Structure formats: structure tokens, C-alpha cells
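See structure below.
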């Protein structure tokens, strides 16, 4: 299998095992280049991550008081000046920071760390959905998200803002081929469950009794690609009212992650 990459630590207890981490560099989001995060939760979470290297911290006077000691290193800028550094429409709450990219970790290292719960995202492309999935993963004890190196958005400030700090505690793992990544997880003892309306079992039944799980979710509309669905050990559905055709992928992820935690 081609070497796969992961970003961030699988959970807060395993930070020291992986040291520095980086996924693909963020695309430039302002005149000073890549790596900008904005909003209180995203910036404060990154500042608390010992593996982050801060390049620049800017804050309004009102936001500085919330930062505590870290606020002493912040540049005093007006909200409008901060907005000029960021993509149009960024809701920055008077706070933004630029960081160096984090170092890589291989998927095999996450497996070796015995991370019990992982999620695999098959071409989930909306950055707000991706951020919300990060947030749910952190809430329900998922150590990492596996994404394709292509056809998935980089972790920019938009994702980080939606994730509310969760990108600092949930690993971002990039792989060339999602199906092969699932094969690797199957071989490593993970019960791989793909969410699909055609799944015979409901998600609670599919996850019951599994010591290690990897849940695969597809993009809204097309869902899991056939090859990805075939690589899953089992397909399962979330029972919903027949009047509603489907759930938003981030909502489906939250339900599935909760069920996985309860089943463990």
C-alpha cells in the first residue's frame, strides 16, 4: 500500500507518541500565505497544542483580554485589519493566528497506537461538513479521520472554525486510495462499517461488540463509491423516518460516532 499520512495526534493521551505532525500544507488564505486560523475556539485550541509553531498572532483589543498571557504576543489590529488578512466573509471574532504546517504521521502509526475508533471519509468535500465531523469525532472519542489526498478539502481556517478546536485533538490522515486504506484497517483488526441506505443492519447492530471500528461515510448525494463500499466489512444504515430521504453527512456522522462510543 502507498504510504498514507496523518495529521495531528489520535487523542490527547497520545500526543507524545507522534511528535510533530503535518498534512498537506493549507492553501494560501491571505496575503501572508498559508496557515491562518481564526475565531476563538480554533485559535485558542491551536495555541494550546504544543506541536504548533506560531508565526503571527493578531487580535483586537477586546479579544486580547480573553487570551490571557498569550495576548501579550498578539499584534493589536482593528477587526477590519484582521479581516483583510483572511478570506472574504471570515467570522474571526477579532482573533486570528498563522501557524507553520504540522508534520506527517503515517496511518500505520495510528494503527500501531491502537486507536480504537476511526472514521473514513470518501470524497466529503464541503469544508463546513468536514469541520462539523471533526467536532463530532472529538466529542465521541474518535482518534482520527481518514481522507483522500485528492477530492477532499485541506484543513483551512474555514474547516478549523467549524471544528471549534477539534482539529487539534483528532488526527487528519491523508491516503492515496480509500479502498486500500480500508483493506489495511480490515487486516489490522478493525471492523469497517460503511454507512449506506442499502445496508441491511442498522448502525447500532453493526457496531455492537466491536473492539475497534472504522466508520466510512460518503459524500452527500452519491454516498460511498462502489469500490469503497465493497472494501467495508459491512454496510449499515441509520433508521430514519421514511418521509426524509437522507441525513446531512455531518449529522449522520454524529449519530454513528455516538453509537460507536455506546457500543464499545
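Observations on the structure shown:
- Here region 125-151 is the region considered, the condition is being more than 11 Å from the chain's Cα centre (by Cα) and in a loop (DSSP other than H, G, I, E, B), and the residue that is surrounded by the fewest Cβ atoms within 10 Å (Cβ to Cβ) is 150.
- Flag set for residue 64, criterion: at pLDDT 50 or above, in contact with a helix residue (DSSP H, G or I) (Cβ under 6 Å, 6 or more places away or on another chain) and surrounded by fewer than 21 Cβ atoms within 10 Å (Cβ to Cβ).
- Residues within region 227-245 that are surrounded by 14 or more Cβ atoms within 10 Å (Cβ to Cβ) and in contact with a helix residue (DSSP H, G or I) (Cβ under 8 Å, 6 or more places away or on another chain), tallied: 9
- Residue 243, sole failed condition from (1) within 23 Å of residue 148 (Cα to Cα); (2) at pLDDT below 95: (1)
- Condition met for residue 209 (more than 23 Å from residue 109 (Cβ to Cβ) and in contact with a helix residue (DSSP H, G or I) (Cβ under 6 Å, 6 or more places away or on another chain)): no
- Residue in region 87-94 that is surrounded by fewer than 20 Cβ atoms within 10 Å (Cβ to Cβ), without any contact (Cβ under 8 Å) to a residue 40 or more places away in the chain and outside any loop (DSSP other than H, G, I, E, B) present: no
- When residues in region 58-86 are screened for being assigned to a loop (DSSP other than H, G, I, E, B), under 26 Å from the mean Cα position of the chain (by Cα) and either free of Cβ contacts under 8 Å to residues at least 24 places away in the same chain or on the phi > 0 side of the Ramachandran plot (or both), 0 of them pass.
- Meets criteria (at pLDDT 95 or above and either under 12 Å from residue 182 (Cβ atoms) or in contact with a strand residue (DSSP E or B) (Cβ under 9 Å, 6 or more places away or on another chain) (or both)) for residue 210: no
- With respect to being part of a strand (DSSP E or B) and touching a residue at least 60 places away in the same chain (Cβ under 8 Å), residue 214 fits the description.
- Taken over region 34-57, the criterion of being out of contact with any helix residue (DSSP H, G or I) (no Cβ under 9 Å at 6 or more places or on another chain), modelled with pLDDT of 90 or more, closer than 17 Å to residue 156 by Cβ and part of a loop (DSSP other than H, G, I, E, B) is satisfied by no residue.
- Looking only at region 204-224, and only at residues there that are surrounded by fewer than 23 Cβ atoms within 10 Å (Cβ to Cβ) and closer than 23 Å to residue 132 by Cα, the one that is farthest from the chain's Cα centre (by Cα): 204
- Of the residues making up region 217-239, those that are farther than 20 Å from residue 126 by Cβ and outside any helix (DSSP H, G or I) number 7.
The values are calculated or read from the model by the stated rules, or taken from the named source; none is laboratory data. Computed from a prediction, not measured in an experiment: that's the story for all the values here. Note that we place each Cβ from the backbone using ideal geometry, even for glycine, and neighbour counts take in every protein chain shown.
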